[in-house]
């Protein structure tokens, strides 16, 4: 008897569970709608503001609500895909297939993250090219940097939720923790500048930028425009460093999740 | 004969609770072994360690010569039926089994074959959540044998089945064993069923093995025997038999006497009964042995603490 294609079959099964009709269709619509509706140009172009800042601002405004939808979708997929398998015991059936544990988790994560991120990026790219094609192409690096910075925090929340799901074996509880993290950090966004000013120290902002590199990027581009006084003016390399640090921590949490799933998880 | 499972000194603790302690067992190729024990004895934990779903805290286990935790390819040769079947409930019966065929690299027509084999052909189009507990159990069995494994592990395999379905399942086990030389490890606390199909058993309680071996050896070793002696003087022979120190109980009926003996009397009972009959001048018309049931054997082994 030959070995089949268990990885692809587990992936197909996970996709079947995560994206039952009409979830992907509805999400694509939601991503597109929210991308267009909430796109804001703020009249910067007419005020002689640097194009880079304008592109950054526009890209940021495009992904506000879609990013929230993406995070919720990732959390839902982790809870319903991996969490439910652990909670209901389906993982025992899957682990009795001729497939390494890391391949099982990879298939589950590809399903949970892959389609959701592709839908999100697809809608975003379409919106960018429809709304401001002249701006996007010459400033592609700004667009990519803005996406990289914003996606970092989304993936961080997802990675924490994944690890919690594996440790607690309760997807719903892990998602609740993930949502709490998301809103907690959301509240911090508005508080961290105030705290930094009160402490007269950049440390709170620097620490927060590790979680949310878009925070540092915003200050970087704000400092470029030179119109208003900015409390913090990180350099480009410093901003990049926060993105690197954010992704490194997320990658570390994913590796930890893999290690736990592959070497420690008794089901 | 080579070993399908070789588990040595397995231990597993859940916090302070000892699930399995120093458990060793061997399943030989071509055998049907029963794993007997009450609820909470450690049967499911043992099975999970054999399947590589759990890492033992101590000891090691090999299935087909490999550590199951690190070698998922051994599952190509293993079929599993869990006590509670775990399947994605939204999938349809046939679709899911065809997917399983692709996972194991077998022809998809095998899905229909196994559904017929377990008498579940009427449920092809139903979703798994629409199946009754008994049907789901049959589906689990079809799922376990779909890739024609050499070894099947089943945890409380008959728990959700009606008596007729239980009988059919035991027939299927015997058929697979005889035709395809499939080895089985069957866990159950419904002992008469195990005694019908198993050639050997492991009796466990509180995570420890109390006895292991083939059924005949264990009966010989642990079980009290009941000897039926047909005689023309049942009352006198019953009275005389009571003088033997290993006789536990003597009953009389119209055909003779029933003498229940402990294991010390295994070797000498026939000689002693003949001697007593000669002394009281009774005529012995026949002697036959009635073995204890598996339940009785289980009770005796656990009561004695095993050896």
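Entry remark, region A:252-264: residues being surrounded by 12 or more Cβ atoms within 10 Å (Cβ to Cβ) and either within 9 Å of chain B (Cβ to nearest Cβ) or on the phi > 0 side of the Ramachandran plot (or both) number 1 in total.
Screening the candidates A:119, A:99, A:128 for the property of being within 14 Å of chain B (Cβ to nearest Cβ), buried (at least 21 other Cβ atoms within 10 Å of the Cβ) and in contact with a helix residue (DSSP H, G or I) (Cβ under 9 Å, 6 or more places away or on another chain) yields one hit, A:99. Report yes if some residue within region A:201-212 is assigned to a helix (DSSP H, G or I), modelled with pLDDT under 90 and surrounded by 19 or more Cβ atoms within 10 Å (Cβ to Cβ); otherwise report no. Among the residues of region A:201-212, not one is assigned to a helix (DSSP H, G or I), modelled with pLDDT under 90 and surrounded by 19 or more Cβ atoms within 10 Å (Cβ to Cβ), which makes the answer no.
Among the conditions (1) buried (at least 16 other Cβ atoms within 10 Å of the Cβ); (2) touching a residue at least 60 places away in the same chain (Cβ under 8 Å); (3) closer than 30 Å to residue B:156 by Cβ, residue B:206 misses just one, which is (1). Restricting the search to strands (runs of 3 or more DSSP E) fully inside region B:222-267 and requiring at least 1 residues that are within 28 Å of the chain's Cα centre (by Cα) gives B:225-231, B:256-261.
May I ask you to verify whether residue A:13 is surrounded by fewer than 20 Cβ atoms within 10 Å (Cβ to Cβ) and within 14 Å of chain B (Cβ to nearest Cβ)? Against the criterion (surrounded by fewer than 20 Cβ atoms within 10 Å (Cβ to Cβ) and within 14 Å of chain B (Cβ to nearest Cβ)), residue A:13 does not qualify. Put simply, of B:173, B:203, B:153, B:157 the only residue that is under 18 Å from residue B:32 (Cα atoms), more than 14 Å from every other protein chain (Cβ to nearest Cβ) and assigned to a strand (DSSP E or B) is B:203. Among the conditions (1) within 12 Å of chain A (Cβ to nearest Cβ); (2) closer than 25 Å to residue B:7 by Cα, residue B:141 misses just one, which is (1).
Counting only residues that are surrounded by 18 or more Cβ atoms within 10 Å (Cβ to Cβ) and out of contact with any helix residue (DSSP H, G or I) (no Cβ under 6 Å at 6 or more places or on another chain), which one in region A:46-59 is nearest to the other protein chains (Cβ to nearest Cβ)? That would be A:58. Taking residue A:76, is it surrounded by 17 or more Cβ atoms within 10 Å (Cβ to Cβ), away from every other protein chain (no Cβ under 14 Å), in contact with a helix residue (DSSP H, G or I) (Cβ under 8 Å, 6 or more places away or on another chain) and at pLDDT 90 or above? So residue A:76 passes the test. Return the residue satisfying two criteria in turn: it lies in region A:132-143 and is part of a helix (DSSP H, G or I) and more than 23 Å from the chain's Cα centre (by Cα), and of such residues it is nearest to residue A:32 (Cα to Cα). The residue in question is A:133. Scan region B:144-164 and tell me whether some residue there is in contact with a helix residue (DSSP H, G or I) (Cβ under 9 Å, 6 or more places away or on another chain), exposed (fewer than 15 other Cβ atoms within 10 Å of the Cβ) and modelled with pLDDT under 90. So far as region B:144-164 goes, yes, one or more of its residues are in contact with a helix residue (DSSP H, G or I) (Cβ under 9 Å, 6 or more places away or on another chain), exposed (fewer than 15 other Cβ atoms within 10 Å of the Cβ) and modelled with pLDDT under 90. Listed by position, the strands (runs of 3 or more DSSP E) contained in region B:1-115 that have at least 3 residues being more than 8 Å from every other protein chain (Cβ to nearest Cβ) and surrounded by fewer than 16 Cβ atoms within 10 Å (Cβ to Cβ) are B:3-14, B:17-28. Screening residue A:93 with (1) within 14 Å of another protein chain (Cβ to nearest Cβ); (2) touching a residue at least 24 places away in the same chain (Cβ under 8 Å); (3) part of a helix (DSSP H, G or I) gives one miss only, at (2). Can you name every residue in region B:116-133 that is surrounded by fewer than 16 Cβ atoms within 10 Å (Cβ to Cβ) and assigned to a helix (DSSP H, G or I)? Across region B:116-133, the qualifying residues are B:116, B:121, B:122, B:129, B:130, B:133.
The values are calculated or read from the model by the stated rules, or taken from the named source; none is laboratory data. Computed from a prediction, not measured in an experiment: that's the story for all the values here. Positions of Cβ are generated from backbone atoms using ideal geometry, with glycine treated the same way; all protein chains shown enter the neighbour counts.
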